[in-house]
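Note sheet for the following structure.
The values are calculated or read from the model by the stated rules, or taken from the named source; none is laboratory data. Note that this is a predicted model, so its numbers are computed, not measured. Here Cβ is always computed from backbone atoms with ideal geometry, including for glycine, and neighbour counts include all displayed protein chains. Surface accessibility is based on the protein's heavy atoms, side chains included, excluding ligands, DNA and RNA. Shrake-Rupley method; radii C 1.70, N 1.55, O 1.52, S 1.80 Å.
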Amino acid sequence: QVQLVESGGGLVQPGGSLRLSCAASGIFSINAMGWYRQAPGKERELVAVITSGGITNHADSVKGRFTISRDNVKNTVYLQMSSMKPEDTAVYYCWANVAPQGNVWGQGTQVTVSS
């Protein structure tokens, strides 16, 4: 059974930093991994993705502040968040596209940016 387990969410002050981690288990082949987020009353949106080859794509709203990376040996993806803003407040979901299951989601972790 494929599972994605997130960790690292919490409360941070504006301008602060957090690092999210997502460990995948029960997976045979991962094509890409990434992070999405959903704020109250808004649709889920892409934050960043990374392919198995290390190619990354970050949303314009987080470019220069957030960095996605992955450890292919550990099947783990990370999201380093810096210079955080109140508008970054959301539930952050880990995502993976795996073979043969397709898209898999984590349970979500709350990130709150507030003074």
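Counting only Cβ charges, +1 for Lys and Arg and -1 for Asp and Glu, the dipole size of segment 1-113 around its Cα centre is about 120 debye. In the distance distribution for the chain, Cα-Cα pairs more than 25 Å apart total 16 percent. Dividing the C-alpha radius of gyration of segment 67-115 by 2.2 N^0.38 Å, with N its residue count, gives 1.37. Between the C-alpha center of segment 79-115 and that of segment 5-70 there is a gap of 5 Å. Solvent exposure of the chain amounts to 52 Å² per residue of accessible area, where only protein heavy atoms count and the probe is 1.4 Å. When the chain is modelled as a GNM with alpha-carbon springs shorter than 10 Å, which of GLY15, GLY34, GLY26 fluctuates the most? Between GLY15, GLY34, GLY26, it is GLY26 that shows the largest mean-square fluctuation.
What's the local net charge at ILE68, with K and R +1, D and E -1, over the other residues with C-beta under 14 Å away? Within the 14 Å Cβ shell, the charges total +3. Shown for the chain: the carbon plus sulfur share of the solvent-accessible area, taken with all protein chains present and a 1.4 angstrom probe, equals 48%.
Applying the Karplus relation 6.51 cos²θ - 1.76 cosθ + 1.60 with θ = phi - 60° to segment 69-81 yields 3J(HN,Hα) values of 8, 8, 10, 5, 5, 8, 6, 10, 10, 10, 10, 8, 10 Hz, where x marks Gly and Pro.
The Cβ shell under 13 Å around SER25 holds other residues with a net charge of 0, Lys and Arg each +1, Asp and Glu each -1.
Amide H contacts of THR89: VAL113, each under 5 Å away and 5 or more positions distant or on a separate chain (H built 1.01 Å from N in the peptide plane; Pro and chain starts excluded).
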